[in-house]
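**Q** Structure below; questions to follow.
Just so you know, all these numbers are worked out from the coordinates, no wet-lab data involved. What you see is a predicted model, and the numbers here were worked out from it, not measured in a lab. So basically every Cβ, Gly included, is an ideal-geometry build from the backbone, and we count neighbours across all protein chains shown.
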Amino acid sequence: MNLGVEAAKALIGRFSDGEVRVEIQHNVRGKDVYVVQSTCPPVNENLVELLVMIDALKRASARCINVVIPYYAYGRKDQKDKPRVSITARLVADLLTVAGAHRIITVNLHADQIQGFFNIPVEHLFGTRVLLDAIRKDIRGDEVIVAPDAGGVSRARAFASRLNVDLAIMDSRYQNDVRHSFIVGDVSGRRVIILDDMVDTARTLLRAVEGAEAAGAASIVACVVHPVLSGNAVEKLASSALQALTVTDTVPLSQEATGCEKIRVVSIAPMLAEAIRRVHLEESVSSLFSG
C-alpha cells in the first residue's frame, strides 16, 4: 500500500507430511523481486518457508531477489562465547545466501557484526527511528533513557542524544551466585524510558523496570523494536510497574499481547517501503541507517 504496488500471488502450503510447498503464481523472469518475510515464531516454519520461496524465485529466473526480513531470527548467537556452540546468526546468513538471495533488508539486528556474515549487500535499518517519532511528542524534558544492559548502550545513547535527554545504564552482576541489578545514573523523580532491540521472555526488561522503581523513578515506560513476547511475558509485563510498552510490527502480536492495554504498536511499513523504493531506484539508503 505504501509503495502503490500490488503484491504478487504465490501458493504457499504444506504437503501431508508437513514439508513446505511454494509455487510463485506470477511471471518474475528478469524482474527485481522483493520478498517480505519476518522469521518470527514459529521461527523454523517461517525460515524454511522463506528459503523455499527464494529458491523458487531463483529457479523462475528472477533477476534480483531482495529479501526483506523485519525480524532476523537466530541473531542472538553471533559469536562463540562458549565451547561447542553454534554461531546461528552466521548459519542463517549462509542459508539465505546459498538459497539465492542477492540482498538483505532487515531491521535492528541483535548485533551489528551480523552484517559481516553476509557476502551480499545488507541494508540494516533501525526501527528505533520509528519509535523515536512515536514518543517525541510526549517528551516533557524530565526523561532519562535507560539501557537495560551493556550491549544496548550505544543504541540508548543515540536515542537520548536525538531527544536531548539524559542517559542511564542498567548494571547487572552476580555476587555469591546472586544477581544484583542497579542503575548507573540519576532517575529519581524522573520519567524513565527503557530502550531495547527486543523483548522475548521480558526478564531483561523487567530487571530494568525493577531497578528504575527501586531508584525512585516517577514513571516507567519502554520502547522495544521486536515484540517476540514468548511464554508468559505479557502476563509478567501486565502485572509489573511498567506503565506502557511501545513496540513495532516487525513481529505480529499474539492475541494475548493485542489485548494488553499497556502495549502500543507503531508500524515500520513506511520505513520499509522507503527503503525498497530507494534500493529499486538505486538511490542512497544511508539516511535510514541511523538509529
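**Q** What residues have an amide H closer than 5 Å to that of residue 246, excluding those fewer than 5 places away on the same chain, when H is modeled at 1.01 Å from N in the peptide plane?
**A** Amide H neighbours of residue 246: 222, 223, 224, 264.
**Q** D for the chain, whole µm²/s, Stokes-Einstein with Kirkwood Rh over alpha-carbon pairs at 37 °C and 0.692 mPa s: what number?
**A** Reported coefficient: 161 µm²/s.
**Q** In addition: Distance from the Cα centre of the stretch 1-59 to that of the stretch 213-283, in angstrom?
**A** If we compute the Cα centre of each part, the gap is 26 Å.
**Q** Now for a different question. Please report the relative contact order for the chain, taking Cα pairs under 8 Å with a sequence separation of at least 6, and give it as a percent rounded to a whole number.
**A** Worked out over the chain, it gives 14 percent.
**Q** Another question, then. Please express the Cα-Cα pair-distance distribution P(r) of the stretch 128-266 as a list of whole percents, one per 5 Å bin, running from 0 to the bin with the greatest distance.
**A** Taking every Cα pair in the stretch 128-266, the percentages come to 2, 11, 22, 24, 21, 13, 5, 1, 0.
**Q** First measure r as the distance between the Cβ atoms of residue 278 and residue 136, then evaluate 1/(1 + (r/R0)^6) with R0 = 22 Å and state the FRET efficiency to the nearest 0.05.
**A** So, using R0 = 22 Å, E works out to roughly 0.40.
**Q** Let me ask something else about it. Taking 2.2 N^0.38 Å as the expected size of a compact globular protein, what ratio does the Cα radius of gyration of the stretch 38-117 give against it, to two decimals?
**A** Ratio of Cα Rg to 2.2 N^0.38 Å: 1.10.
**Q** I've got another one for you. May I ask you to compute the full-extension gain from residue 254 to residue 230, defined as 0.36 nm times their residue separation minus their alpha-carbon distance, rounded to one decimal in nm?
**A** Here the answer is 7.7 nm.
**Q** Pick out, from 5, 214, 131, the residue whose Cα sits farthest towards the positive end of the charge dipole of the chain, with +1 on the Cβ of Lys and Arg and -1 on the Cβ of Asp and Glu.
**A** Checking the options against the dipole of the chain, the answer is 5.
**Q** Note down the net charge around residue 187, summing +1 for each Lys or Arg and -1 for each Asp or Glu among other residues with Cβ under 11 Å from its Cβ.
**A** -3
**Q** Could you give the nm distance between label points at residue 31 and residue 113, where each point is 7 Å from its Cα heading toward the beta carbon?
**A** Label-label distance for residue 31 and residue 113, simple model: 4.0 nm.
**Q** Right, here's the next one. Starting at the first residue of the stretch 107-121, write each ³J(HN,Hα) from the Karplus equation 6.51 cos²θ - 1.76 cosθ + 1.60 with θ = phi - 60°, in whole Hz, x for Gly and Pro.
**A** Karplus-based 3J(HN,Hα) across the stretch 107-121 equals 10, 6, 4, 4, 9, 4, 5, 4, 4, x, 7, 9, 9, 10, x Hz.
**Q** Quick one: work out the % antiparallel among DSSP beta bridges in the chain, nearest 5.
**A** About 25 percent, rounded to the nearest 5.
**Q** Right, another one. Which aspartates and glutamates have a Cα lying under 20 Å from the Cα of residue 80, excluding residues fewer than 8 positions away in the same chain?
**A** Output for residue 80: 94, 112, 149.
**Q** Report, ordered by chain and residue number, the lysines lying within cross-link reach of residue 137, taken as a straight Cα distance under 23 Å and ignoring same-chain residues fewer than 8 apart.
**A** 262
**Q** Something else now. When the C-alpha atoms of the stretch 220-268 are aligned to their principal axes, what extent does each axis show, in angstrom, from largest down?
**A** Principal-axis extents of the stretch 220-268 (Cα, largest first): 27, 22, 14 Å.
**Q** Using the Karplus equation 6.51 cos²θ - 1.76 cosθ + 1.60 (θ = phi - 60°), what ³J(HN,Hα) coupling, rounded to whole Hz, does each residue of the stretch 8-25 give in order, writing x for Gly and Pro?
**A** 6, 8, 8, 8, 10, x, 9, 6, 4, 8, x, 5, 6, 10, 10, 9, 6, 9
**Q** Long-range amide H contacts for residue 10: which residues qualify at under 5 Å (H placed 1.01 Å from N, peptide plane, sequence gap of 5 or more or a different chain)?
**A** Answer set, sorted by chain and number: 25.
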